[in-house]
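Below is one structure, written out as structure tokens; comments come after it.
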């Protein structure tokens, strides 16, 4: 049975990134034998709302932008856990240098994606169960958020047959098919860019059609004049890029608060 692709795999533009400034406050722990960044909310009584964070190709272990975003979500009253399914091998290690977005000689981007995709397919379900065992109580509610590479794990967490989250969101997604939207059974927030090599306008419109046909609860946030990666890797010295990055994160927290 055909399952058309709506969000394509990460491309060369995913090597682009502006480092953000700040001092992360979370800690790394081992969960299900996978390195995990944990950011805690201001008070312990807020730890019954857990965000499962699925990184883009820049990962979480040495990517300050992702760590700071997790810290922001935590500051809004959530316990945030972010999985390092790249196992210390994020894509930035394969750039020639920080100022050069081309890759090191001999780097096989396709093989790199395939290797980590295969590992994540096995590791993510085990990791989610371990997170629930370590942090969950009968009252705990879970949300899922993912960027680029992380989007399909959000959709899996929202599917009727595998639902582990009561609400989800993604930014500039990759690796999504029509079935992800057909099977979506929980409220979904889509934070999107006008220009996106993975999630084109036609794909975005098709996703909207499928969610509407299924009578799903969803919201599409679309920013003009930004590209794939805007919610995580934009230039914070540009006032507009800073605004859209912050507005994306803020809207996601409001969406989660509404449905948790």
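The values are calculated or read from the model by the stated rules, or taken from the named source; none is laboratory data. This structure is a prediction, so every number in the text was calculated from the model and none was measured. Reconstructed Cβ throughout: ideal geometry from the backbone, glycine too, with neighbour counts over all protein chains shown.
Confirm whether residue 128 is crowded, with 19+ Cβ neighbours inside 10 Å, under 26 Å from residue 191 (Cα atoms), within 17 Å of the chain's Cα centre (by Cα) and modelled with pLDDT of 95 or more.
Judged against the criteria, residue 128 is a match.
So which strands (runs of 3 or more DSSP E) are wholly in region 19-135 and hold at least 1 residues that are in contact with a helix residue (DSSP H, G or I) (Cβ under 9 Å, 6 or more places away or on another chain) and farther than 18 Å from residue 252 by Cβ?
Of the strands (runs of 3 or more DSSP E) lying wholly inside region 19-135, those with at least 1 residues that are in contact with a helix residue (DSSP H, G or I) (Cβ under 9 Å, 6 or more places away or on another chain) and farther than 18 Å from residue 252 by Cβ span 27-31, 34-39, 95-97, 100-103.
Identify all residues within region 177-205 that are more than 18 Å from residue 150 (Cβ to Cβ), touching a helix residue (DSSP H, G or I) at 6+ places or on another chain (Cβ under 7 Å) and not in a loop (DSSP other than H, G, I, E, B); write none if there are none.
Residues satisfying the conditions are 178, 182.
Report, by residue number, each residue of region 222-260 that is closer than 21 Å to residue 175 by Cα, assigned to a helix (DSSP H, G or I) and in contact with a helix residue (DSSP H, G or I) (Cβ under 7 Å, 6 or more places away or on another chain).
230, 231, 232, 233, 248
Exactly one of these conditions fails for residue 162: (1) in a loop (DSSP other than H, G, I, E, B); (2) modelled with pLDDT of 95 or more; (3) farther than 26 Å from residue 16 by Cα; (4) in contact with a helix residue (DSSP H, G or I) (Cβ under 7 Å, 6 or more places away or on another chain). Give me its number.
All conditions are met except number (2).
Of the residues 55, 4, only one is more than 18 Å from the chain's Cα centre (by Cα) and modelled with pLDDT of 95 or more; which?
4
Return the residues of region 207-221 that are surrounded by fewer than 22 Cβ atoms within 10 Å (Cβ to Cβ), touching a helix residue (DSSP H, G or I) at 6+ places or on another chain (Cβ under 7 Å) and part of a helix (DSSP H, G or I); say none if nothing qualifies.
210, 211, listed by residue number.
Is there a residue being more than 23 Å from residue 168 (Cα to Cα) and either surrounded by 15 or more Cβ atoms within 10 Å (Cβ to Cβ) or at pLDDT below 90 (or both) anywhere in region 80-87?
Yes.
Kindly list the number of the only condition in (1) at pLDDT below 95; (2) buried (at least 21 other Cβ atoms within 10 Å of the Cβ) that fails for residue 138.
The one condition residue 138 does not meet is (2).
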